[in-house]
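Here's the structure we're looking at; comments come further down.
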Amino acid sequence: MYGYLSEHHSFGEVAKKAGEYAEDLAATMLATTLGIEFDINIAWDERKQIYKASGHIFKTSNICQSAEGNKDGLWSTVFAAAVFIE
């Protein structure tokens, strides 16, 4: 089967909240391609149960990293990679 990766850029958001948002985004994109009906306005935990109950989405997870920027406004740079090994 297949899945989705999502990327989320935010400002002033803790890693847990950003990770859950990115996980929700990826699961929502996958659900729409699989034809799973859901209400975007209900909470993530409730939608997660709907996705899993559909029998199409078995597992969702996120790996998130956040950084606190320099107090003088200098940029922070992040490099991320996803590697799939079959």
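The values are calculated or read from the model by the stated rules, or taken from the named source; none is laboratory data. No experiment lies behind these values; they were computed from the predicted model shown. Cβ: placed from backbone, ideal geometry, glycine included. Neighbour counts: every protein chain shown.
Out of the residues in the stretch 54-64 that are at pLDDT 80 or above and either exposed (fewer than 14 other Cβ atoms within 10 Å of the Cβ) or among the hydrophobic types (A, V, I, L, M, F, W, C) (or both), which is nearest to His8 (Cα to Cα)? Looking at residues that are at pLDDT 80 or above and either exposed (fewer than 14 other Cβ atoms within 10 Å of the Cβ) or among the hydrophobic types (A, V, I, L, M, F, W, C) (or both), I get Cys64.
Keeping to the stretch 31-49, report how many residues are buried (at least 17 other Cβ atoms within 10 Å of the Cβ), in a helix (DSSP H, G or I) and hydrophobic (A, V, I, L, M, F, W, C). Of the residues in the stretch 31-49, 1 are buried (at least 17 other Cβ atoms within 10 Å of the Cβ), in a helix (DSSP H, G or I) and hydrophobic (A, V, I, L, M, F, W, C). Based on what the data block shows, is Ser10 of a type outside the set (Asp, Glu), in a loop (DSSP other than H, G, I, E, B), closer than 19 Å to Asn62 by Cβ and without any contact (Cβ under 8 Å) to a residue 12 or more places away in the chain? Yes, satisfied.
Thr28 falls short of the stated requirement of being modelled with pLDDT of 80 or more, more than 23 Å from Ala81 (Cα to Cα) and either in contact with a Gly (Cβ under 7 Å, 6 or more places away or on another chain) or not in a loop (DSSP other than H, G, I, E, B) (or both).
Residues in the stretch 4-16 that are surrounded by fewer than 14 Cβ atoms within 10 Å (Cβ to Cβ) and not hydrophobic (A, V, I, L, M, F, W, C): how many? Summing the residues that are surrounded by fewer than 14 Cβ atoms within 10 Å (Cβ to Cβ) and not hydrophobic (A, V, I, L, M, F, W, C) in the stretch 4-16 gives 5.
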